[in-house]
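Peer 1: One structure is given below, represented as structure tokens, and several questions about it will come after.
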Amino acid sequence: MAEQGNMSDLWKRLRFVFFAILVYRIGTHIPIPGIDPDRLAALFQQNQGTIIEMFNLFSGGALERMSIFALNVVPYISSAIIMQLFSNSIPYLIELKKDGQAGRNKITQYTRYGTAILAFIQASALAVTLSASGLAYVPGPTFFVSAVFSVVAGTMFLMWLGEQITLRGVGNGISLIIFAGIVAEIPRALVTTFELGRTG
């Protein structure tokens, strides 16, 4: 009976992971408001085989579609790395690490704040770039605010989703989100690679 209960719990966790990844994949198709899809497609056509395509692979195609998940979990990873470095050099954070679970919770909270700040900075840079590249229907303050808000909200949602997968699913949520994005783009990346090789 105990084994049956464990299997039931495992299936429940796997179902949650599947559902969370499905939500993530749907989100990669929700575009930032005010983006011209035709100009965007033309821009990515011109930049095939460049570093932009590599970033697009890691974002699960969200960058190419300029979706609300365009930044993926990059701000969170950056924030986590910064907090890791600081927690070994700043006395206050070193003390927090020694506080056990309460200290770790506080560091996690600071990591979230850092994610929001980094997401805002990166989303602002992205919005300015989109306007300057002529990808916005109506460039201006309204587009800037809506684009930044959409991308920051998308990043914070992904961070929350990753944490939920870690708590209620199987494995590390952030890693699974990155993995799901890469796996979803592998078939197209292979086709593009073969096509580039065929055309020399």
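Peer 1: State to the nearest 20 debye the size of the charge dipole of region 65-175 about its Cα centre, where the only charges are +1 on K and R beta carbons and -1 on D and E beta carbons. Walk me through the intermediate numbers first.
Peer 2: Details: 7 positive and 3 negative charges, 34 e Å.
Magnitude of the dipole: close to 160 debye.
Peer 1: For region 95-200, which GluC sites (Glu not before Pro) are both in a DSSP coil and crowded by at most 13 other Cβ atoms within 10 Å? List each step's numbers first, then the result.
Peer 2: Details: sites: E95, E163, E185, E195; in loops: none.
Hits after loop and neighbour filter: nothing returned.
Peer 1: Related question: Before rounding to the nearest 500, sum -39500 (n - 2.57) across all DSSP H runs of length at least 4 in the chain and divide by the residue total; then give [θ] at 222 nm in deg cm²/dmol.
Peer 2: Counting only the DSSP helices, I get -26000 deg cm²/dmol.
Peer 1: Also, quick follow-up: Considering the dipole of the chain built from charges on the beta carbon (Lys and Arg +1, Asp and Glu -1) around the Cα centre, which of G173, N105, T192 is farthest to its positive end?
Peer 2: N105
Peer 1: Compactness ratio of region 158-200: Cα Rg over 2.2 N^0.38 Å, N = residue count?
Peer 2: Numbers: Rg = 15.4 Å, N = 43, 2.2 N^0.38 = 9.2 Å.
Its radius of gyration relative to the 2.2 N^0.38 Å reference: 1.68.
Peer 1: Continuing with the same structure: Gain in length, S89 to Y113, computed as 0.36 nm per residue apart minus the alpha-carbon separation, to one decimal in nm? Show your work: numbers first, answer last.
Peer 2: Numbers: separation 24, 0.36 × 24 = 8.64 nm, distance 1.91 nm.
Contour length minus the Cα-Cα distance gives 6.7 nm.
Peer 1: Still on this structure, please answer the following. Please find the FRET efficiency linking N6 to E163, where r is the Cβ-Cβ separation and R0 is fixed at 35 Å, and quote it to the nearest 0.05.
Peer 2: 0.90
Peer 1: With charges only on Cβ, +1 for K and R and -1 for D and E, what is the dipole size of region 1-150 about its Cα centre, in debye, rounded to 20?
Peer 2: The dipole of region 1-150 has a size of about 400 debye.
Peer 1: Further, regarding this structure: When ligands, DNA and RNA are left out and all protein chains stay put, how many square angstrom of accessible area per residue does region 119-178 have with a 1.4 Å probe?
Peer 2: Per-residue accessible area for region 119-178 comes out at 48 Å².
Peer 1: So if the hydrodynamic radius of the chain is defined as the Kirkwood radius over C-alpha pairs, what does Stokes-Einstein give as its diffusion coefficient at 25 °C and 0.890 mPa s, in µm² per second?
Peer 2: In µm²/s, the coefficient is 131.
The values are calculated or read from the model by the stated rules, or taken from the named source; none is laboratory data. Only a predicted model underlies this, so the values are computations on that prediction, with no experimental measurement involved. When we count neighbours, we look across all protein chains shown, and the Cβ atoms used for this are built from the backbone with ideal geometry, even at glycine. These accessible areas exclude ligands, DNA and RNA; they are computed on the full protein's heavy atoms, side chains included. Shrake-Rupley method; radii C 1.70, N 1.55, O 1.52, S 1.80 Å.
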